[in-house]
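What follows is one structure encoded as structure tokens, with my remarks underneath.
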Amino acid sequence: MNAVSTSLLARLPKGLSERQPLLWLNPGYEAAVGPGLDPDPAPAEARYERCAGLLARVFPELAASGGRLTSPLASIDRLRDHLLPAQATGAWFMKRDDSLPVAGSVKARGGFHEILSFAERIATEHGLLGADTDRAVLADPAARALFGRYTVAVGSTGNLGLAIGLIGAGLGFRAVVHMSADAKEWKKQRLRDHGIEVVEHEGDYAAAVAAGRAVAEADPYSYFVDDEHSLPLFLGYAAAARELQQQLRQAGRPVDAEHPLFVYLPCGVGGAPGGVLHGLKRLWGAHVHGFFVEPVACPCMLVQLAAGCQTPVSVYDVGLDNRTEADGLAVAQASPLVAPMMARVLSGDFTVDDASLFRAAKALEDIEGIYVEPSAAAGLQGPGRLLQTPQGQQYLKQHGLEPHLGNATHVIWSTGGSLVPEPIRQAFRARGLAQ
């Protein structure tokens, strides 16, 4: 073990290097931080609004929503009663980004936004767009001919690649996805089935990103979506907060001091959960409590925040191997853009083993009739960790939340699953039964 990891071990929760599931409370969390946080997601919200007609034209699946990328907020109180019977926990909901149209995962929120931003920029530079031009013209032959000169590329384990590839190809760009050796074969095939070029690399997710970045930097007509450093991706995810705000209002669920909101977000490199939590903290500040969930083999955000954000640290530095069935969460090092943003706004982070992911996904389907891929079920363990562990009870007491648990709202963010092929679903179900 190197010198960095030796000094770090003292700051890590006991059992982390032994892959024990745990809840870690962020010592840097500041409850009052929230409203006014920079950057502001309003420009991303505005971009999505002005591009709605374009998206409806490119993707028939979005016609019903007028081109707006939205997912339902589903009550899962039956699962709550199954998992935590006779406990006052408030109302449980699942934010169904697993059923987002077109790309079928939370990655569509960031990926679509970044490619729309790039398309607007080069179309403006070439005189195809003015400030008030209807963005639907970006689906016209002239715009497609322009976009066809460019490549959009990304490094991905699957879901972000599909989001970037679909929106890129939909607008006429050449789309290339650089994938790690451990990415699921069915995800690679789905990309190829949509005409998206897949380039495979030895090594892990970070190696695929680095390779893709290097290729793009050598080509002036290649645009690389950098999941580790991308502000446009981050802001696309942050725009989801406004959608959740509207849905909670419709459900009659206020968010204030007496009605706290707890949100549980699966975390890989950190862009999607970080962006969502950033947007929510801007809306509700101290009244929203955000927890990330990561595999026991690769809790990269937990390790980075525990180490401090001055020096990059990976899970390899603390003796972990980054090997998990939750491929979308298999990331060894957290985003250097997002980790510092989370240092004061993330309440905590809990880790889960693979077996529990398969069990949780099966329970969700059996009880609520909702299918998600196992990594997307990670957040379902959050309320139990908060209510039934010493660390969780410490957090609730410290922030004066115990009297308000009956009024609380818990939102488990589901990140993907609707595009999983049926044979793979059956295999996942069988593993859930066997665990």
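Odds and ends about this structure:
- Helices (runs of 4 or more DSSP H) wholly inside segment 48-153 containing at least 2 residues that are among the charged types (D, E, K, R): 77-83, 107-125
- Looking only at segment 159-178, residues that are surrounded by 24 or more Cβ atoms within 10 Å (Cβ to Cβ), of a type outside the set (S, T, N, Q) and in contact with a Lys or Arg (Cβ under 6 Å, 6 or more places away or on another chain) come to 2 in all.
- Residues in segment 154-181 that are in a loop (DSSP other than H, G, I, E, B), of a type in the set (Gly, Ala, Ser) and modelled with pLDDT of 95 or more: GLY172 only.
- Verdict on ALA88 being buried (at least 18 other Cβ atoms within 10 Å of the Cβ) and either over 30 Å from HIS259 (Cβ atoms) or in the same structural domain as PRO254 (by TED's automatic domain parsing) (or both): no
- In segment 422-434, residue nearest to LEU100 (Cα to Cα) [restricted to those that are modelled with pLDDT under 85 and surrounded by fewer than 15 Cβ atoms within 10 Å (Cβ to Cβ)]: ALA427
- Filtering segment 398-415 to residues that are out of contact with any Pro (no Cβ under 9 Å at 6 or more places or on another chain) and not in a loop (DSSP other than H, G, I, E, B) leaves GLN398, GLU402, PRO403, GLY406, VAL411.
- Residue in segment 97-114 that is assigned by TED's automatic domain parsing to the domain that holds GLU185, in contact with a Gly (Cβ under 8 Å, 6 or more places away or on another chain) and farther than 16 Å from GLY416 by Cα present: yes
- Selection from segment 339-357 of residues that are surrounded by fewer than 24 Cβ atoms within 10 Å (Cβ to Cβ) and assigned to a helix (DSSP H, G or I): PRO340, MET341, ASP354, ALA355, SER356
- Test: residue in segment 401-410 that is in contact (Cβ under 8 Å) with a residue 40 or more places away in the chain, surrounded by 23 or more Cβ atoms within 10 Å (Cβ to Cβ) and touching a Phe, Trp or Tyr at 6+ places or on another chain (Cβ under 8 Å): yes
- Of ARG78, ARG57, ARG68, all but one fail to be of a type outside the set (A, V, I, L, M), modelled with pLDDT of 95 or more, surrounded by fewer than 20 Cβ atoms within 10 Å (Cβ to Cβ) and within 25 Å of ALA238 (Cβ to Cβ); the exception is ARG68.
The values are calculated or read from the model by the stated rules, or taken from the named source; none is laboratory data. Keep in mind it's a predicted model, so treat the numbers as computed, not measured. Counting neighbours? That spans all protein chains shown, and the Cβs are built from the backbone with ideal geometry, glycine included.
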